[in-house]
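Notes for the one structure printed next.
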Amino acid sequence: MTTDERMVTFGKRVREVRKSKGISQEALAEIAGIDRSYMGNIERGEKNITLKKAYEICDALSVDIKDLV
């Protein structure tokens, strides 16, 4: 499977914002209702997530989606 650079960029931004807020990956996954290992896949740009899931991550991080894309 070829990784899309947009997925990688999104995942990197999720990780950057999460770390800047002092939230662990496990805590973010729990807040967003996502499995911890799946959250790791998202942050590495390995999963093409749904728009709904992207908004759930934004809500969990208290950021606008434009801050992650």
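For the chain, give the magnitude of the charge dipole about the Cα centre (Cβ charges: +1 Lys/Arg, -1 Asp/Glu; no others), in debye to the nearest 20.
On the way: 13 positive and 12 negative charges, 27 e Å.
That gives the chain a dipole magnitude of about 120 debye.
Could you give the length gained by full extension between Glu46 and Asp4, i.e. 0.36 nm per residue of separation minus their alpha carbon distance, to one decimal place? Please report the intermediate quantities before stating the final value.
Details: separation 42, 0.36 × 42 = 15.12 nm, distance 0.85 nm.
Difference between extended and current length: 14.3 nm.
Mind sorting out which of (i) 33, 11, 8; (ii) 28, 13, 10; (iii) 17, 13, 11 is the real semi-axes √(5λ) of the Cα gyration tensor in Å computed from the coordinates?
(iii)
May I have the count of lysine pairs in the chain with C-alpha atoms under 18 Å apart, counting pairs 8 or more residues apart or located on different chains?
8
On a 0 to 90° scale, report how tilted helix 51-61 is relative to the longest principal axis of the chain, with both axes built from alpha carbons and the result rounded to the nearest 10.
30 degrees
So what is the relative contact order for the chain, in percent, with contacts set as C-alpha pairs under 8 Å and at least six apart?
Numbers: 65 pairs, mean separation 29.2, N = 69.
Computed value for the chain: 42 percent relative contact order.
Each value in this text was obtained by applying a stated rule to the coordinates, not by laboratory testing. Note that the structure is predicted; figures quoted are calculated from it, not measured. Because the Cβ atoms are built from the backbone with ideal geometry, glycine has one as well, and the counts that use them run over all protein chains shown.
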